[in-house]
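Have a look at the structure below, then the notes.
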Amino acid sequence: VQLQAYGGGLVQAGGSLRLSCAASGIIISTYTTGWYRQVPGKQRDLVATLTNGGNTNYAENVKGRFTISRDNAKNTVFLQMDSLKAEDTGVYYCGAHINANYVMWGQGTEVTVSS
């Protein structure tokens, strides 16, 4: 049972990346799933979430630039990131909210935006 995040990399400011979070052992559409960003020395911050019902929520600083989506057939959640800024740099983690007390985390994928 795991989440595998991938798709990060180095991109210039203004560019785009698409992150993927592939689930195995769970049906990811059953749970609220989110993308979170962490930079060294700081806490892991919410970027976007997608509920099992399809409702989305975004951090203010990514609204209009990032889009979270899901492909049920592929059991995968995506984060499309457009108009990237230097402050979007960090390690991105996907998390599936299994219950009120437990979030299953993927291993993280690093995004670096050069200005």
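The values are calculated or read from the model by the stated rules, or taken from the named source; none is laboratory data. Remember, it's a predicted structure, so these values are computed and weren't measured experimentally.
So that you can scan it fast, the table gives a plain yes or no per residue for (1) of a type in the set (Val, Ile, Thr); (2) at pLDDT below 95; (3) closer than 20 Å to Val1 by Cα:
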site	(1), (2), (3)
Leu19	no, no, yes
Thr33	yes, no, yes
Arg37	no, no, no
Val62	yes, no, no
Arg65	no, no, no
Asp71	no, no, yes
Leu79	no, no, no
Trp105	no, no, yes
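Return a yes/no flag: does the range 45-58 have any residue that is under 26 Å from Ser115 (Cα atoms), polar (S, T, N, Q) and within 15 Å of the chain's Cα centre (by Cα).
No - not one qualifying residue is present in the range 45-58.
So which residues in the range 67-93 are within 18 Å of Gly53 (Cα to Cα) and not hydroxyl-bearing (Ser, Thr, Tyr)?
If the condition is that a residue be within 18 Å of Gly53 (Cα to Cα) and not hydroxyl-bearing (Ser, Thr, Tyr), then Ile68, Arg70, Asp71, Asn72, Ala73, Lys74, Asn75, Val77, Phe78, Leu79 are the ones that fit.
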